[in-house]
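To start, the structure under review is shown below, and the notes come after it.
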Amino acid sequence: MSVSMSPTVSSTELRRGALSVGFIIFFVVSAASPLSVLAGGFPIGIMLGNGAGTPVLLALTLLVLLTFSVGYTTMARHVTNAGGFYAFSARGLGGLAGGAAGVLAMFAYNILQVGLYGMFGGVAAGTMASVFAIDMPWWVYSLLAMASIAILGYRNIDLSARVLSVIVIAEYVAILTLDIAILRSGGEHGINLDSFKPEHVFSGNPSIGLLFCFAAFIGFEATTIYGEEAKNPQRAIPFATYASVLLIGCFYALSIWAMVIGVGSDKIVPLLQSLEDPTTFIYGLSDHFVGAELTQVIRVLFLISIYAGLLAFHNSAARYFYATGRDGLLHGLLGTTHRIHQSPHMGSALQTLIAAVVVLIFAAAGADPILQLFAWFSSLAALSLILLMALTSVAVLAYFHKHPELGLGLLRRFIMPAFSGLALICVLVVAVIHFEVLTGSSKLLSYGLCILIPISLFVGVMLAARLRRVAPERFQALGSHRL
């Protein structure tokens, strides 16, 4: 995972050749925040979903995302752009759709980032109070994290990559240690395949469990965002995408299966329901099967995992600001990069400003940082990103239909994108129907939040329409900047 250190004087381009395949995978895996998902998200998803049958839903989610990745990575070979969803939609469906996707992507990554600041602040405040008897408001920890994230986002991309690589490796080692310990002991009833039996797969509410599974993968799609900074992007981006999806999916499936074995397929849901805080479930497993030492490590890594997700999504949001600013949808200043670091520093600064304002508003209102700020914003972001993936599948179909000269086979240019598009639309419908379960709030508030999605799409269309009116040539070129 070597890093290019060649000097450059450009102030409008990202740092070329700065990221190897390995570093891109670390960015993507850290965005998925595997430890925070396993410790914080899946216990609730198992309890509200189909319990012991969750590993099968993970396998189904993995299948859908792999089929999505076929068209996604095939198009990435022809459209190498930091705009990701925005660039693909613009080149496949036209400038108006590109503008809509661009604004929705900026909205999604920014609110996901803000929601994670809520979780980080809440977890940090609780940890510091219980371990060190230091009692400070959650938002203080959020702002401290925000300041350090802003510095890393301002600097070279490879500095962030090195930080994330260390964190991700530590997360995987800790959880795999727990998984191996559970499987070696045989758990409650010995190693078995109860999770894959129909009576467990179809028990409870599989549709709700499926939503938690899809939400757990959010972040894997960010590989294309780093295309302009990758070494050999035509090879690196497809490899990093498939590797990330498989790594995240197999890791989740193994760990959830081990958790089910640990407590028993018939006991896992009642146990989770009996806990005052289901997110402490993994600590109990660690205490029982390994010991208090690993539990303390996991507690610390849980917090660090959230921080890693913050850093990864900050970089994603900054690059969407950069890509749309460079193309003229937003102010051109956002489309510049730092003269020395070649980072999208203006986009990074804007993302930090937005996060600071929203965090301070929620803090002033006395809101709960996890049950409100994180639950509301992360759920809305997940819904937005599922829509963006569905839209991108359609854009892939349209792009290859317009370019038959590329000579692609039917599987990559039509069958896989069509299947993933239909599957993602179905998931989207289920997500909207059960959105109040994801947010943990009333239907009125949940659907009130959903309204922000069409508003974002409308703003994007209006920005693209304005550009078409004042600069038709730039409008026609939306999303076409490439290496």
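The values are calculated or read from the model by the stated rules, or taken from the named source; none is laboratory data. Just so you know, these numbers come straight off a predicted model, no measurement behind them. Don't worry about glycine lacking a Cβ; one is built from the backbone with ideal geometry, like all the others, and counts go over all protein chains shown. When the accessible area is computed, the model is the full protein with side chains, heavy atoms only, and any ligands, DNA or RNA have been set aside. Shrake-Rupley method; radii C 1.70, N 1.55, O 1.52, S 1.80 Å.
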Quiz item: Somewhere in segment 379-393, is a residue open to solvent by 30 Å² or more (accessible area, probe 1.4 Å), in contact with a helix residue (DSSP H, G or I) (Cβ under 8 Å, 6 or more places away or on another chain), modelled with pLDDT of 95 or more and closer than 27 Å to A418 by Cα?
Solution: yes
Quiz item: Which condition breaks for Q351 when tested against (1) polar (S, T, N, Q); (2) touching a helix residue (DSSP H, G or I) at 6+ places or on another chain (Cβ under 6 Å); (3) surrounded by fewer than 23 Cβ atoms within 10 Å (Cβ to Cβ)?
Solution: (3)
Quiz item: Filtering segment 394-414 down to residues that are charged (D, E, K, R) and exposed (fewer than 15 other Cβ atoms within 10 Å of the Cβ), which residue is farthest from G98 (Cα to Cα)?
Solution: E405
Practice problem: Give me a count of the residues in segment 353-372 that are modelled with pLDDT of 95 or more and part of a helix (DSSP H, G or I). | Solution: 12
Quiz item: part of a helix (DSSP H, G or I), touching a residue at least 24 places away in the same chain (Cβ under 8 Å) and of a type in the set (A, V, I, L, M), is that true of I175?
Solution: yes
Exercise. For segment 284-300, indicate whether the set of residues that are modelled with pLDDT under 90, buried (at least 21 other Cβ atoms within 10 Å of the Cβ) and in a helix (DSSP H, G or I) is non-empty.
Key: no
Exercise. Would you mind finding the one in I304, I225 that is among the hydrophobic types (A, V, I, L, M, F, W, C), part of a helix (DSSP H, G or I) and touching a Lys or Arg at 6+ places or on another chain (Cβ under 8 Å)?
Key: I225
Quiz item: For A363, all conditions in the list (1) open to solvent by 20 Å² or more (accessible area, probe 1.4 Å); (2) within 25 Å of I208 (Cβ to Cβ); (3) not basic (K, R) hold save one; what is the number of the exception?
Solution: (2)
Self-check item: Top-ranked residue of segment 99-128 - restricted to ones that are open to solvent by less than 20 Å² (accessible area, probe 1.4 Å) and among the aromatic types (F, W, Y), ranked as farthest from L457 (Cα to Cα)
Solution: Y117
Self-check item: Number of the condition not met by S244 [criteria: (1) of a type outside the set (F, W, Y); (2) in a helix (DSSP H, G or I); (3) touching a Leu at 6+ places or on another chain (Cβ under 9 Å)]
Solution: (3)
Self-check item: Selection count, segment 178-192, where residues are at negative phi and in a loop (DSSP other than H, G, I, E, B)
Solution: 4
Practice problem: Take T74 and decide whether it is open to solvent by 20 Å² or more (accessible area, probe 1.4 Å), in contact (Cβ under 8 Å) with a residue 40 or more places away in the chain and touching a Lys or Arg at 6+ places or on another chain (Cβ under 7 Å). | Solution: no
Practice problem: Output yes when any residue across segment 250-272 is charged (D, E, K, R), without any contact (Cβ under 8 Å) to a residue 40 or more places away in the chain, out of contact with any strand residue (DSSP E or B) (no Cβ under 9 Å at 6 or more places or on another chain) and surrounded by fewer than 23 Cβ atoms within 10 Å (Cβ to Cβ), and no when none is. | Solution: no
Practice problem: Kindly check whether there is at least one residue in segment 452-460 that is out of contact with any Cys (no Cβ under 9 Å at 6 or more places or on another chain), within 30 Å of L63 (Cβ to Cβ) and open to solvent by less than 40 Å² (accessible area, probe 1.4 Å). | Solution: yes
Quiz item: Among the residues of segment 129-149, is any buried (at least 16 other Cβ atoms within 10 Å of the Cβ), free of Cβ contacts under 8 Å to residues at least 60 places away in the same chain and not acidic (D, E)?
Solution: yes
Quiz item: Which one is nearest to T80 (Cα to Cα), of the residues in segment 447-482 that are among the polar types (S, T, N, Q) and at pLDDT below 95?
Solution: S480
Self-check item: Subset tally (residues that are over 29 Å from A31 (Cα atoms) and open to solvent by less than 20 Å² (accessible area, probe 1.4 Å)) for segment 178-218
Solution: 1
